[in-house]
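The values are calculated or read from the model by the stated rules, or taken from the named source; none is laboratory data. Owing to the predicted nature of the structure, the values given are computational and were not obtained by experimental measurement. All Cβ positions, even for glycine, are placed from backbone atoms using ideal geometry, and neighbour counts span all protein chains on display.
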Amino acid sequence: MQDPLHFSIASGSHVAPLVQLVNSAYRGDSSKQGWTTEADLLDGIRTDEEALTSMIQQPHSVILLCTNGQNELAGCVNLQKHEEKMYLGMFTVSPVMQAKGIGKALLKAGENYAKDKGCSIVRMTVITVRHELIQWYERRGYHDIGERKPFPDDPRFGIPKQPLEFLVMEKRIV
């Protein structure tokens, strides 16, 4: 990580650049520049302006932005509070900025946000066939809690190229 990173809460003015960032990291050829791509698993887009606007406007939900020293959008994560647990989703680092420590710093910032909101557990879902990504989270203290969830049958989340499901991972943060 070469530049200092800055973290802030997204507002409606951030929606368009966030849509571009998230879709570039998860789908299409641009996502293949990084190691977190889902392009071989899913067609379609990862998100749109309507979905991100809804996340920002939802009670107990924020999108945490990560910008670098040049004020470029480097990453984001959606955090949703559910009682003492914080759901962490849409974890995104720009494909051209991956492998520079941004993901680790963004994950830590998300965990710190959860602590500040009184949460003791961070929970996430990861597509079960994303073995390298699951191992990355395990190295950061997350573990598979043995729960599986079906992948949504809704093209707004992508069109699976094979049968997919999620595993649920958690980390105790206090």
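Quick look at the values:
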{"item": "Leading residue by the ranking (farthest from the chain's Cα centre (by Cα)) among those in segment 115-133 that are in a strand (DSSP E or B) and under 25 Å from LYS161 (Cβ atoms)", "result": "ILE127"}
{"item": "Single residue of LYS117, LYS81, LYS85 found to be touching a strand residue (DSSP E or B) at 6+ places or on another chain (Cβ under 8 Å), of a type outside the set (Val, Ile, Thr), surrounded by fewer than 14 Cβ atoms within 10 Å (Cβ to Cβ) and closer than 21 Å to GLN58 by Cα", "result": "LYS117"}
{"item": "Check on VAL96, out of contact with any helix residue (DSSP H, G or I) (no Cβ under 7 Å at 6 or more places or on another chain), under 17 Å from VAL22 (Cα atoms) and touching a residue at least 60 places away in the same chain (Cβ under 8 Å)", "result": "yes"}
{"item": "Some residue of segment 132-147 being surrounded by 17 or more Cβ atoms within 10 Å (Cβ to Cβ), of a type in the set (Ser, Thr, Tyr) and over 20 Å from ASN23 (Cβ atoms)", "result": "yes"}
{"item": "Unmet criterion (only one of (1) in contact (Cβ under 8 Å) with a residue 60 or more places away in the chain; (2) within 15 Å of GLU38 (Cβ to Cβ); (3) within 18 Å of the chain's Cα centre (by Cα)) for PRO155", "result": "(3)"}
{"item": "Tabulated pairs, segment 125-140, first under 11 Å from MET169 (Cβ atoms), second of a type in the set (Lys, Arg) and surrounded by fewer than 17 Cβ atoms within 10 Å (Cβ to Cβ), C-beta under 7 angstrom, 6+ apart or interchain", "result": "THR125/LYS149"}
{"item": "Failed condition for TRP35, given (1) farther than 20 Å from TYR142 by Cα; (2) in a loop (DSSP other than H, G, I, E, B)", "result": "(1)"}
{"item": "Unique residue being in a helix (DSSP H, G or I), without any contact (Cβ under 8 Å) to a residue 40 or more places away in the chain and more than 12 Å from the chain's Cα centre (by Cα) when the list is ASN23, ASN112", "result": "ASN112"}
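For (1) within 17 Å of the chain's Cα centre (by Cα); (2) in a strand (DSSP E or B); (3) modelled with pLDDT of 95 or more; (4) not β-branched (Val, Ile, Thr), each residue gets a yes or a no:
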residue	(1), (2), (3), (4)
ALA39	yes, no, no, yes
ILE45	yes, no, no, no
SER54	yes, no, no, yes
PRO59	no, no, no, yes
